[in-house]
Structure formats: C-alpha cells, structure tokens
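These notes concern the structure reproduced below.
The values are calculated or read from the model by the stated rules, or taken from the named source; none is laboratory data. Small disclaimer: the values here were computed from a predicted structure and weren't measured. All Cβ positions, even for glycine, are placed from backbone atoms using ideal geometry, and neighbour counts span all protein chains on display. Ligands, DNA and RNA are excluded from the accessible area calculation, which covers all protein heavy atoms including side chains. Shrake-Rupley method; radii C 1.70, N 1.55, O 1.52, S 1.80 Å.
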Amino acid sequence: MRDVAVIGVGCTTFGEKWGASFRDLFVEAGALALDDAGLAGEQIDALYVGNMSAGRFIGQEHIGALIADYAGLAASHHIPSTRVEAACASGGLAFRQAVIDVMSGMEDIVVAAGVEKMTDVGTGTSVDTLTGAADREWEGFAGATFPGLYAMMATDYINRYGLTREQLAQVAVKNHYNGARNPIAQFQQEITVETVMKSSLVADPLRLFDCSPITDGAAAVVVAPLERAREFTDCPVRVLASAQASDTIALHDRRDISTLDATVEAGRRALGQARLQHRDIDIVEVHDCFTIAELCAIEDLGFCAKGEAGRVTEEGITAIGGRLPVNTSGGLKACGHPVGATGIKQIYEIVQQIRGEAGKRQVDTKIGMAHNVGGTGATVVVHILGAY
Ligand code: COA
C-alpha cells in the first residue's frame with residue numbers, strides 16, 4: 001500500500017448559479033484543481049465524480065461519461081471516469097475511491113470531484129428528490145422528509161439531554177460567522193440567535209436557519225502517490241486515514257435515533273488508521289445538514305460526551321479561536337450544500353487550512369478531519385489529512 005497526498009484543490013462559489021450549467025460547474029472546479037497542481041488534463045489517469053441525483057435535478061444520467069467528455073478527456077484519452085453515489089456522502093466517497101486507486105498502485109494521478117445543480121427545480125421537487133436517500137417505502141411513504149427526520153432526532157435529543165433551543169441556534173450563528181469569512185460561501189452574512197429563533201418553522205423544532213440550503217456548486221481535488229507529490233506542489237497534504245461505515249437506511253430501525261453509529265464507527269476506524277488521538281486533531285469539518293446534526297457529529301466522533309455538544313458550542317470551543325474549531329468553511333449551513341459536492345468541499349477546506357491559505361478564517365492547523373454523511377447516517381465517510 002502506498003501513501004497518498006492531495007496535490008491540488010479547486011472549488012466554484014456555492015449558491016444559486018443561474019449562469020452556469022452542471023457541466024460548467026464541474027469544468028470550473030476541475031480546471032482550478034488542475035491549475036493548482038500545475039497539471040494538464042492529459043496527465044490524469046482516472047476520474048471519480050460524486051453526484052447524488054443529476055437524473056432528477058437536471059434530467060441527466062451517465063455522469064462519469066459526461067464529465068470525462070466535457071473535461072476533454074473522453075475522445076482524446078478514453079480516461080476511466082466513474083460516478084459515485086452515496087446520497088449526501090457521494091463526494092466523500094468519491095475522494096475515498098480516488099485514494100484507494102492511488103494507494104493500491106492501480107493509478108497515479110486521480111481527480112476526485114463532486115457536483116450538484118439543485119436549483120433548476122423547485123423546492124418541492126428538491127425535497128422529494130432528497131427523500132430518495134431515506135427509506136422511500138417506509139419513511140418517504142409516510143410523508144417524512146429530511147427536515148422531518150432530523151427534527152425527530154432533535155426532539156429525541158432535546159428530551160434526553162436537555163439541549164436548549166438557544167444552544168441549537170448557536171450552531172447556525174457560529175457557522176454563519178465562518179461563512180461570512182469564506183469567499184465561496186452561499187451565505188456570507190452573520191446572524192444572531194434571534195435571527196434563528198424568529199425564522200420560519202420548517203419541521204418543529206427546526207427553523208429555516210437550522211437547515212442547510214438548496215445549492216449549486218462543484219469541487220475537485222487531485223491525489224497522487226506521496227513519493228511523487230513534490231513533482232507537482234511545494235505543499236502536499238498527506239491522507240492519514242480514509243474510513244467508511246454503514247447503518248440501517250431507516251431512522252426507525254436504529255438502536256438510538258440521536259446517535260449515528262456509522263459516525264462512531266467510521267471515526268474510530270479513521271483515528272485507528274492514522275494512529276492518532278482526539279487531541280491531535282486541530283479542526284473538523286462535520287456534516288451539519290441541520291444544526292442538530294453538528295451536535296450529534298461532535299459527540300459521535302468522540303470529541304465530547306453525549307449530551308455535551310450544546311454546552312461546548314455555547315462556550316465557543318468549536319468557534320474559530322476555540323480549542324476545536326468546527327466547520328471553519330461555514331459548514332453545510334452557511335457555505336451551502338450541493339449534496340454531491342459537499343464531501344469534496346470539506347477536503348478543500350481542510351487542505352486550505354493546512355496550507356495556511358484560509359484567509360480571514362485561518363486557524364493553526366496541522367491535522368484536520370472531514371466527516372461526510374449520507375441520509376440520516378446510513379453511509380458515513382471520515383478522512384484525516386495532515387501537513388507533510
Ligand atoms: N438558511 C437560511 N436562509 C435560507 C435557507 C437556509 N437553509 N434556505 C433558504 N433561505 C432563504 C433564501 O435565501 C431566501 O431569502 P431571500 O428571500 O432573502 O432571498 C428565503 O430564505 C426563501 O428561500 P427559498 O429558496 O424560497 O426557501 P424554501 O422555503 O424554498 O426552502 C428549505 C427552505 C429549508 C425548505 C430548503 O432550504 C431545504 O429543504 N433545506 C434542506 C435541504 C436538505 O434537506 N438537504 C439534505 C440534508 S440531508
């Protein structure tokens with residue numbers, strides 16, 4: 001097995017991008033990543049693309065082939081190009097496939113990308129499309145949506161651990177603060193607890209500002225064997241761990257609906273692979289599709305005890321300047337959540353932080369963790385990256 005490094009990263013701005021097509025988004029992110037690595041397209045050996053549902057969002061399937069074609073690498077080089085789908089964890093899983101390709105010695109230079117164009121359809125279609133990542137026959141048939149499922153988790157959590165509504169709102173306040181310092185973020189304005197509390201109710205107790213938005217965007221990273229990384233960049237970022245775990249697709253089949261066992265397991269495996277302790281991790285990008293999800297993630301990854309994450313957030317421990325900054329990018333909440341691209345954007349953020357290129361949101365980072373969730377936790381992917 002070979003060691004693997006990230007040698008280039010690129011990301012579009014996130015938001016409602018009327019002027020750009022699905023193809024444009026991918027090509028922009030891919031070109032930025034190749035430029036960052038000082039590579040030409042023909043030097044790439046393989047492509048993986050995280051995408052959840054182009055079939056429903058833009059009516060297009062066969063995304064691996066489409067992307068290779070529009071990257072100019074299909075007819076000229078017949079590059080292997082594969083779509084990876086694991087709902088909102090599609091990006092994290094595409095990165096993992098690229099890492100495994102390089103680690104195994106199968107390929108040398110591999111691009112992992114993620115792309116989603118969600119705003120070409122209305123909110124109702126978006127919400128229904130996303131529901132396809134839950135258990136359609138049971139949860140979907142009964143009328144559950146993702147805001148509804150995470151609201152059930154929040155209600156259970158509040159009842160068991162005494163989380164206050166204000167503590168939940170603090171997650172959104174922190175992530176909007178960070179998003180206001182991120183030039184690619186969908187929402188770049190700071191908010192207050194009052195903004196969250198006065199926003200419209202989506203699924204009790206979750207309000208508009210507890211939810212990640214509907215987003216267009218793409219991100220791409222290039223990985224290579226660590227031993228070759230310095231041919232391309234002065235600041236390679238080493239992949240220290242790549243772990244994946246699964247759980248039941250339906251929330252009602254879980255042992256405990258406010259603990260994501262797949263997060264517990266993927267986090268444990270990742271730390272074991274990297275031979276690291278929690279105290280070694282400087283920053284974490286977690287999958288805050290809803291504010292409650294960030295609190296569960298911090299606990300399930302083992303950074304604090306169950307029931308403590310609300311207090312930890314309130315005390316500023318997870319803020320920029322705190323002991324464990326969480327979601328310096330603004331997270332899914334403020335940076336935006338183009339579902340197939342989110343896992344790659346998390347890697348992009350960690351790489352920027354390790355390289356010292358995160359501008360106004362820079363924190364001292366040698367090692368960072370990325371946590372990407374599909375559905376309510378049926379797929380979880382955790383990566384750990386470190387300075388080299
Ligand atoms: N946070 C903050 N503001 C938001 C927002 C969010 N999540 N979503 C929309 N807005 C803002 C818009 O910018 C817009 O503001 P403006 O009037 O100043 O321009 C306003 O709210 C209305 O936007 P609109 O797009 O009409 O919202 P909507 O009511 O159609 O959709 C949600 C809101 C919460 C239903 C939708 O964002 C949603 O479904 N989010 C969850 C996505 C999801 O489930 N992802 C997968 C997770 S597993």
Top-ranked residue in segment 277-292 [being touching a strand residue (DSSP E or B) at 6+ places or on another chain (Cβ under 7 Å) and part of a loop (DSSP other than H, G, I, E, B); ranked as surrounded by the fewest Cβ atoms within 10 Å (Cβ to Cβ)]: Asp282
Helices (runs of 4 or more DSSP H) contained in segment 49-128 and holding at least 3 residues under 25 Å from Gly19 (Cβ atoms): 54-57, 63-70
Does Gln167 satisfy the condition of being among the polar types (S, T, N, Q), within 16 Å of the ligand (Cβ to nearest atom) and either outside the structural domain of Gly15 (by TED's automatic domain parsing) or without any contact (Cβ under 8 Å) to a residue 40 or more places away in the chain (or both)? no
Taking the criterion of being touching an Asp or Glu at 6+ places or on another chain (Cβ under 7 Å), open to solvent by 50 Å² or more (accessible area, probe 1.4 Å) and farther than 14 Å from Ala218 by Cα, would at least one residue in segment 77-93 satisfy it? yes
For segment 84-113, how many residues meet the condition of being farther than 30 Å from Ala142 by Cβ and either of a type outside the set (S, T, N, Q) or over 22 Å from the mean Cα position of the chain (by Cα) (or both)? 19
Does segment 188-222 hold any residues that are of a type outside the set (Val, Ile, Thr) and either under 23 Å from Gly30 (Cα atoms) or in a strand (DSSP E or B) (or both), and which are they? Leu201, Ala203, Leu206, Arg207, Cys211, Asp216, Gly217, Ala218, Ala219, Ala220
Within segment 293-374, considering only helices (runs of 4 or more DSSP H) that don't extend past its boundaries, which have at least 2 residues that are within 16 Å of the ligand (Cβ to nearest atom) and modelled with pLDDT of 95 or more? 331-335, 342-355
Hey, among the residues in segment 192-247 that are small (Gly, Ala, Ser) and closer than 21 Å to Asn178 by Cα, which one's nearest to the ligand (Cβ to nearest atom)? Ser212
